[in-house]
1. Does the range 422-434 contain any residue that is under 30 Å from GLU3 (Cα atoms), among the basic types (Lys, Arg) and either within 16 Å of the ligand (Cβ to nearest atom) or not in a loop (DSSP other than H, G, I, E, B) (or both)?
2. Can you tell me which of (1) closer than 30 Å to GLY19 by Cβ; (2) out of contact with any His (no Cβ under 6 Å at 6 or more places or on another chain); (3) within 16 Å of the ligand (Cβ to nearest atom); (4) not β-branched (Val, Ile, Thr) is the one ALA305 doesn't meet?
3. Is it the case that the range 255-275 has a residue that's within 13 Å of the ligand (Cβ to nearest atom) and at pLDDT below 95?
4. Restricting the search to the range 67-88, which residues are buried (at least 23 other Cβ atoms within 10 Å of the Cβ) and free of Cβ contacts under 8 Å to residues at least 40 places away in the same chain?
5. Within the range 342-364, can you find the residues that are more than 12 Å from ALA22 (Cβ to Cβ) and either within 11 Å of the ligand (Cβ to nearest atom) or among the hydrophobic types (A, V, I, L, M, F, W, C) (or both)?
6. Does LEU20 satisfy the criteria of being more than 16 Å from the ligand (Cβ to nearest atom), surrounded by 22 or more Cβ atoms within 10 Å (Cβ to Cβ) and either in contact (Cβ under 8 Å) with a residue 24 or more places away in the chain or over 22 Å from ALA190 (Cβ atoms) (or both)?
7. For the range 56-71, give me each residue that is hydroxyl-bearing (Ser, Thr, Tyr) and within 22 Å of the chain's Cα centre (by Cα).
8. Against the definition (at pLDDT 95 or above, surrounded by 20 or more Cβ atoms within 10 Å (Cβ to Cβ) and touching a helix residue (DSSP H, G or I) at 6+ places or on another chain (Cβ under 9 Å)), how does ALA64 come out, yes or no?
Amino acid sequence: MIERITFDGPVILGAGLAGLSAALAAGKALVLSPTPLATGCSSAWAQGGMAAALSDEDSPELHAADTIAAGAGLCDPKAVALLTREGPQAVRDLAALGAPFDRKAPKDGESGAFVLSLEAAHAKARVARVGGDGAGAAIMAAVIATVRATPSIEIRENARARRLLQDATGRVVGVLAQIDGALVEIRSPAVILATGGVGGLYAVTTTPAEVRGEGLGLAALAGATIADPEFVQFHPTAIDIGKDPAPLATEALRGEGAILRNTDGKAFMADYHPAKELAPRDVVARALHAERAAGRGAFLDATQAVGAHFPHEFPAVFEACQSAGIDPRREMIPVTPAVHYHMGGVATDLDGRASLPGLYAAGECASTGVQGANRLASNSLLEAAVFGARAGRAAAAEAVHGGEPASLEPLPDLPEAALQILRKAMSRDAGVIRDASGLARLLDQIEALEPAYGPCPTIVAARLIVEAALARQESRGGHYRTDFPATAQPVRTFVTLTSADAAVRYAAE
Ligand code: SIN
C-alpha cells in the first residue's frame, strides 16, 4: 500500500539555489531533496560567484551583450534581457538574506561596494564573490537558513522522485517519491523541477555524482518538450588528481592572471585564441583537450598571479590541491576539461512553465533560452535565483488540482555498474570533441541498455543528449563536431519522446 499525501502548494524537486529560490517565492512549498541540504547540489559547489551589473562602469545591456555573444547565436534575447535587468537586485536580495559577499571598505555608514571578479568573456569585472572562491557554499548557507526559518516551507531529505504523476489529460498532478526508502504518492497542484544538470552522466565532471539528468528524463518521459540537450559545457580547468567528481580550479584564477601551460612550460593559449586564457570557455576547453590528446599535458600556473595569497584568496582550490600533495603557490596545477553545466533542459517560458500543465522547471534542468549554446561564466547562480523565484511565484499563483493519476508505477533506476559503463562511454563519445561515428556507437550502447533498464530517466537523459548531438551537423558553442567544424544557421533544438519506445522525435516547433 503506497502512502498518499495531498499538498496544497508546489512540490519542488531539488534543493539547490533554483529550488530554494522557488520555495521562498512560492511562500508555501514542499521541497524534496535526495541528499541532506547543502550537499548533492551544484549550487553549493560554485566557486566563482554571481555575475550582475553591479558597478558604475557596467550595465545590464553590457552584461546582456556578453551573455548573447557567449551563447553563440542560440540565446533568447528576451530571457537574457530579463536576467541581466533583474540580476543586480537578485544579488542584493541574497546579500539581504545574509550571503556574505566580499565588499570594499564601507563609506559614509553604507555597506561597501561589491568586490567584483573578472571572468572569461565578460567585458567588465562583474562577478560578485564570497571569500574568494566560496560563493556557492556561502550563498546556499544563507538561503538554507532562511528556508529552515520559514514554517510554510516543508523539507524532506532523502527524497527522490520516481515518476511524475499525470492525469488522463496529461496534466502533472504530483509526484511519486521515494522517501527514506518508501514510495509516497504526493498529489499537488504544481511540480517544479529543480534537479540540476547532467554531470553525473559523464566520467569526468565537476558536479555532484547525484546530478545525472533525472529531472530531464522524468520530464521527457511525461511528454514535456526538451530544448537544446546536445549543449553540454566543459569547464577547462577541473583539477586532474584522479578524484570523482573532479575539484574545480575556478576561472577567476585566470581572471587574476594565471596561465595555462603544457608539460614543456609553454603558455599555449596564444596558439588557439587572441584572448588567450580569457577566451570563451569552449575554446579553452578544446585547447586543453588538444594539448592533452597530443601528449603535451595541461597545467594551470598561478604561482606568479596568486602565489602566496592562495590560501586566503582561493581557499577551496588551495585545499583541493593540498589534498593531492600539490602546493599551488609553488607548483603548477594539473588540469583537465570536465562536464560542468548543461545549457539544455526542460523547455520553459520566462515564468518557468514547461509544455505540460502543472509542470515548471528552473535552474540548470530548465532551458529558459538564457544560456544559448554556451553559458557565460557565473550566469548560472544568477539564473537559478532569478528564474527560480519566477517559477515559484507562477506555480503558486496558478495552482489547480488535476484528476486521478493514470499510473503509480515507479520508473526504473540504472544500477551502479551500468551507470559507470554509460559514464565512460558518454565522456569518450559525447565529450569536448564529437563525430558521427562516436555518437552512433554511443547510441548503440544506450540502446543496448534500454531493454534491461528502460524507460529509466537517466538513460533517457543520455539518449536526448546523444541523439541531438548526432542530429546537429555543425559546431557551435559547447557542441563541437570534427566532421562538421563549420557553424550553420542558428536553430534551437526542441524535442519530445514518443511514449511508445522512448526514442527522441524532433518536434516541429
Ligand atoms: C568558475 O568558477 O570557474 C565557474 C563559474 C561558472 O561556471 O559559472
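1. From the range 422-434, those under 30 Å from GLU3 (Cα atoms) are none; that's our starting set.
Taking every residue of the range 422-434 in turn, none turns out to be under 30 Å from GLU3 (Cα atoms), among the basic types (Lys, Arg) and either within 16 Å of the ligand (Cβ to nearest atom) or not in a loop (DSSP other than H, G, I, E, B) (or both).
2. (1)
3. Taking the range 255-275 and keeping what is within 13 Å of the ligand (Cβ to nearest atom), we get 255-256, 258.
With the extra rule that they be at pLDDT below 95, the set shrinks to 255-256.
Looking through the range 255-275, at least one residue is within 13 Å of the ligand (Cβ to nearest atom) and at pLDDT below 95.
4. Scanning the range 67-88 gives a single hit, THR84.
5. Answer for the range 342-364, where residues must be more than 12 Å from ALA22 (Cβ to Cβ) and either within 11 Å of the ligand (Cβ to nearest atom) or among the hydrophobic types (A, V, I, L, M, F, W, C) (or both): MET343, VAL346, ALA347, LEU350, ALA354, LEU356, LEU359, GLU364.
6. On the way: more than 16 Å from the ligand (Cβ to nearest atom): yes; surrounded by 22 or more Cβ atoms within 10 Å (Cβ to Cβ): yes; either in contact (Cβ under 8 Å) with a residue 24 or more places away in the chain or over 22 Å from ALA190 (Cβ atoms) (or both): yes.
Judged against the criteria, LEU20 is a match.
7. Step one: list which residues in the range 56-71 are hydroxyl-bearing (Ser, Thr, Tyr), which gives 59, 67.
Scanning the range 56-71 gives a single hit, THR67.
8. On the way: at pLDDT 95 or above: yes; surrounded by 20 or more Cβ atoms within 10 Å (Cβ to Cβ): yes; touching a helix residue (DSSP H, G or I) at 6+ places or on another chain (Cβ under 9 Å): yes.
Against the criterion (at pLDDT 95 or above, surrounded by 20 or more Cβ atoms within 10 Å (Cβ to Cβ) and touching a helix residue (DSSP H, G or I) at 6+ places or on another chain (Cβ under 9 Å)), ALA64 qualifies.
The values are calculated or read from the model by the stated rules, or taken from the named source; none is laboratory data. The shown structure was predicted, so the numbers you read here are calculated from the model rather than taken from an experiment. Because the Cβ atoms are built from the backbone with ideal geometry, glycine has one as well, and the counts that use them run over all protein chains shown.
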